[in-house]
Amino acid sequence: MPTTSEMYERGAADAERGEFNPFYYQHYYYYRQGYDSVRRRHRPRFHLISLFIVSVIIAVGVMVTIWLIGRRGPAAVAQPVASPAIVLDTPTPSPLPPTSTPFPSPTPIPTPTPPALQVGRRAIVVNVGNVPLRLRAAPGLQARVVGTLPAGREVVLREGPVLIDGYTWWRVEVGNQQGWCAVVTPDGMRFLEPAGQ
């Protein structure tokens, strides 16, 4: 089984090449971390901001132009000198203020939501490497160890989740044995994933 750093590098390399492995992304935490970190670096951040700034500059330019035209008044018309003309003083209509066009709000890019664990469903042990997952008599790091679960072992979820010692715990059943195992670490590492996903 690849090490955590190898999975991270594999995820980063796949993101750089524009490839996506849904199995690795869903089942390997460090693959997902590497993939997401590269995708965040390549995401265009200033596209909408620059579009907004250009739109504001254009709108301000239009408003200033309308204001200057309104201050100058109508263009003077040359009158013939030979015959006197009656000049009527007509008020200049004030320019209408520009209407603001609302900008469309950016559409969020959905992120894949990991499938949820549920009581009565099956789950598979993942992300443990060569060290098996400990099965304990009760939830908590101080509880007695009653067994171990190797990577790839399928279990049935019987009770949970319970948050103790910073870990999320589930009571699982394997054959005729039951016990509690840590499923999510304080930093978000997952040791159980729903089976058949």
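The values are calculated or read from the model by the stated rules, or taken from the named source; none is laboratory data. These numbers come from a predicted model, not from an experiment. Because the Cβ atoms are built from the backbone with ideal geometry, glycine has one as well, and the counts that use them run over all protein chains shown.
Considering only the range 125-193, give the strands (runs of 3 or more DSSP E) lying wholly within it that have at least 3 residues that are buried (at least 19 other Cβ atoms within 10 Å of the Cβ).
Answer list for the range 125-193: 133-136, 154-164, 167-174, 177-184.
Which pairs turn up if I take residues in the range 158-179 that are within 12 Å of Leu192 (Cβ to Cβ) and look for partners that are among the polar types (S, T, N, Q) and assigned to a strand (DSSP E or B) with beta carbon separation below 9 Å, at least 6 apart in sequence or on another chain?
Listed pairs, sorted by first residue: Gly160/Thr168; Pro161/Thr168; Arg171/Gln178; Val172/Gln178.
Which condition number does Trp169 fail, the rest of (1) within 17 Å of Tyr28 (Cβ to Cβ); (2) at pLDDT 90 or above; (3) aromatic (Phe, Trp, Tyr) being met?
(1)
Thr111: hydroxyl-bearing (Ser, Thr, Tyr), more than 18 Å from Ala195 (Cβ to Cβ) and modelled with pLDDT under 70, yes or no? Spell out how you get there, then give the answer.
Values: hydroxyl-bearing (Ser, Thr, Tyr): yes; more than 18 Å from Ala195 (Cβ to Cβ): yes; modelled with pLDDT under 70: yes.
Spelling it out, Thr111 is indeed hydroxyl-bearing (Ser, Thr, Tyr), more than 18 Å from Ala195 (Cβ to Cβ) and modelled with pLDDT under 70.
Of the conditions (1) over 22 Å from Gly188 (Cα atoms); (2) more than 17 Å from the chain's Cα centre (by Cα); (3) modelled with pLDDT under 85, Pro2 satisfies every one except a single condition; which number is it?
Tallying (1) over 22 Å from Gly188 (Cα atoms); (2) more than 17 Å from the chain's Cα centre (by Cα); (3) modelled with pLDDT under 85, Pro2 fails exactly one: (1).
Name every residue in the range 28-54 that is under 19 Å from Phe191 (Cα atoms), assigned to a helix (DSSP H, G or I) and at pLDDT below 85, in order of residue number.
Matches in the range 28-54: none.
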